[in-house]
Amino acid sequence: MNATIIDPLQGDFPEVIEEYLEHGIMKCIAFNRRGTLLAAGCSDGSCVIWDFETRGIAKELRDKDCVAAITSVCWSKSGRHILISAADKSLNLWDVMKGDKIYRTTLQQTPLQARLHPGGGSPESTLCLVCPFSSAPMIVNLQTETTTTLPISFSGGTTTATTGAPPRNKFSDGSAHYTPTAACFNKHGDLVYVGNSIGEILIIDHNKNLVRGVVAVSGGAVIKNIVFSRDGRHLLINSSDRTIRVYENLLPLKDSLKSLNEMIFDNTLDEGEIVKSAGVKSLLLFREFQDSITRVHWKAPCFSGDGEWVVGGSASKGEHKIYIWDRAGHLVKILEGPKEALMDLAWHPVHPMVVSVSLTGLVYIWAKDYTENWSAFAPDFKELEENEEYVEREDEFDLMPETEKVKDLETNEDDEVDITTVEKDSAFSDSDLSQEELRFLPADPFPDVSEQQEKHTASNSKLGDSKNSDSPLSEETGAMNHDSSQIEGMENSGGEDGGMTYLKRRRKPSEKVLELQAQKVRKPLPKAKGGLGKSSKTKSRIGNGIGIEQEQDMNNFGDEFGIDD
């Protein structure tokens, strides 16, 4: 390895698989800004939104016009919209709360990655940056359906939208092999950083579609991934030379474009030298990460939420390994998962947790393996490996020990306590949309299939249940005379619901209905043929549980058992 593994207890990073999520075959994932919701694109064209706190499905976005696999998902800054790109060359912008599709655009090429403008304002809410499979990155306005192709090379003092270098490989039909180009917005979205196939980072003003800076990467390898840290102070690129590089952003976080333009206009050099000089003043190589022994390719590298850690997944087939480095370049942890290829991963914005997607479509949640610390519950508690002799203090069992008296003297009771001011969270202090963010989704449970079948079966078997001898009505009327037609006629006239389950669900009848039911029951019942028998008084529960005294002839019972008057 490139460095000795340090003590893992010094860092706050994930260690073990805590849980896994399963819903179809998931391909890509993305957290919202607060980390409370997790969106996952599936192979059937649907997007599932998980409540990360409860690990349950909060909403499912499904487009009837899209059945192709999802290639990327991206949340808006407010969390109210989500951009979904699919393999059928479509871009869809959804309203997360309503579950409605706002815009749909079809491109000429399959989008591998699509990112919304990070500004979050109304003019930029429909702008997105798309990296197609076989063309240059482009800015797409979802509202007007207009596209602007960005330059991917700088030569001769002019910007061009070509690959910049002749292709090395060709397809079987003789067409040139094209390497997809990576691109991303900066923190506030006024600049676009593009990594091309000849090892250059272009800093582009996407409003005027002009290259404002060029940074050459050592080795000239193809840049496969490019992403900014959450605070916008560092830029990460993943190259085909099996190396992850981190650059320090020297431009101010706000008004980066304005500062970059001032560098260009104040310079007296020619245009080519000016652009290169601006690139040198914009990015500074900070650290390089690689595995010098296995020389693996990296997949889906990114920063941790606080920017203290760099994480990258192994691109080897049949291997689910995640490497974690600190900013000093030390390899601190290697997470080994199941023997399944890793497709995508994301670090939680707030907590030390990593979520990874396997080739089989499962989403694994990696968390820190916390050990029990009893001193957190009692500061004076200390764990002992073996018994020790304890010496009692003189004032240990006093009502007011001397140490407590000293503490009371140090506190000033006249100081005012501020209970209204809310301290800013350091991770979200830059937010200007904190009051409008969508952090959670209301519960929208799906009806249970077994419950629906139970209701359907119950509605079709009400009459059959009323004749069942196990029902409360038949038990009270008499279990021995189950073949009596008189009892059956009384049950059918009194109510069809013989089971206790249905009596609970029925609405309470009105007084007029109860009166009519009582009149029907009080009518004399026809006597059955046979010898004399004893009559008995029974209570029948009809309608809403009303007991009515009624005489029932038991002649059949007397004939059967030979009982005489």
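The table below lists the values:
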quantity	calculated
Equivalent ellipsoid, the stretch 66-140 (semi-axes from 5 times Cα gyration tensor eigenvalues, Å)	19, 15, 9
Sites matching chymotrypsin sites (Phe, Trp or Tyr not before Pro) across the stretch 284-377 that sit in DSSP coil, with at most 16 neighbouring C-beta atoms within 10 Å	Tyr370, Phe377
Net +/- balance of residues flanking Leu359 in space, Cβ distance below 13 Å, scoring K and R +1, D and E -1	+1
Over the stretch 229-294, equivalent-ellipsoid semi-axes from the Cα gyration tensor in Å	28, 15, 7
Set Lys187/Lys276; Lys101/Lys187; Lys64/Lys321; Lys224/Lys258; Lys59/Lys299; Lys77/Lys258 screened for pairs whose C-alpha atoms are more than 31 Å apart	Lys64/Lys321
Calculated FRET efficiency for the pair Val16/His330, C-beta based, R₀ 22 Å, to 0.05	0.60
In nm, spacing of pseudo-spin labels at Val417 and Leu210 (7 Å Cα→C-beta vector)	5.9 nm
Net charge of neighbours whose Cβ lies under 11 Å from the Cβ of Leu285, counting Lys and Arg as +1 and Asp and Glu as -1	0
Computed magnitude of the charge dipole of the stretch 171-280 (debye, nearest 20; Cβ of K, R +1, Cβ of D, E -1)	460 debye
Extension gain, Arg393 back to Glu515 (0.36 nm per residue minus Cα-Cα distance, nm)	35.6 nm
Carbon/sulfur fraction of accessible area - the stretch 59-129, other protein chains in place, 1.4 Å, %	48 percent
Whether the stretch 254-405 is rounded, prolate or oblate, judged on the alpha carbon gyration tensor where a/c under 1.5 counts as rounded	oblate
Theoretical FRET efficiency, 1/(1+(r/R0)^6), r = Cβ-Cβ of Met97 and Ala69, R0 25 Å, to 0.05	0.45
Whole-number percent relative contact order across the stretch 237-314, with pairs defined as alpha carbons under 8 Å at least 6 apart	37 percent
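The values are calculated or read from the model by the stated rules, or taken from the named source; none is laboratory data. Note that the structure is predicted; figures quoted are calculated from it, not measured. Here the Cβ is made from the backbone with ideal geometry for all residues, glycine too, and neighbour counts use every protein chain on show. Just so you know, the surface numbers come from the protein's heavy atoms only, side chains and all, with ligands and any DNA or RNA stripped out. Shrake-Rupley method; radii C 1.70, N 1.55, O 1.52, S 1.80 Å.
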